[in-house]
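A.B. asks: The structure that follows is given in the form of structure tokens.
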Amino acid sequence: MKTMTVRELYERLMILSTATGGFRGKAGSMEVIVRVQDDDGGTRVGGLTSLDVDAGCTEIEALVLDGATDAESNAPSEAA
């Protein structure tokens, strides 16, 4: 599987933006979930918490997306 480039990410976000009228309504409050699969086929899921350009953890300049499996949701609670 090939790593996505920043340009590819931007192009896909622009397609989504157009399809949702500029992320209007519920589309604008969607949470960003990060799903990573390891070599053994296991999947870890977490929420995107930050991003940075080359946070020093790679050998090449990269857009680094940070996430946490215990990231707090922004969704309204059912108990309201």
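The values are calculated or read from the model by the stated rules, or taken from the named source; none is laboratory data. Note that the structure is a prediction, hence the values are computed from the model and not measured. A quick note on method: Cβ atoms are made from the backbone with ideal geometry, for glycine too, and the neighbour counts reach across all protein chains shown.
A.B. asks: Does any residue in region 1-27 that is on the phi > 0 side of the Ramachandran plot come within less than 8 Å, Cβ to Cβ, of a residue that is assigned to a loop (DSSP other than H, G, I, E, B) six or more places away or on a different chain, and which pairs are these?
C.D. replies: Qualifying pairs under 8 Å: PHE23/MET30.
A.B. asks: Scanning for something in contact with a strand residue (DSSP E or B) (Cβ under 9 Å, 6 or more places away or on another chain), in a loop (DSSP other than H, G, I, E, B) and free of Cβ contacts under 8 Å to residues at least 40 places away in the same chain, does region 72-79 turn up at least one residue?
C.D. replies: Checked against the condition, which is being in contact with a strand residue (DSSP E or B) (Cβ under 9 Å, 6 or more places away or on another chain), in a loop (DSSP other than H, G, I, E, B) and free of Cβ contacts under 8 Å to residues at least 40 places away in the same chain, region 72-79 yields at least one hit.
A.B. asks: Just to verify a result, which residue in region 48-80, among those that are of a type in the set (Asp, Glu) and surrounded by fewer than 10 Cβ atoms within 10 Å (Cβ to Cβ), is modelled with the highest pLDDT?
C.D. replies: Looking at residues that are of a type in the set (Asp, Glu) and surrounded by fewer than 10 Cβ atoms within 10 Å (Cβ to Cβ), I get ASP70.
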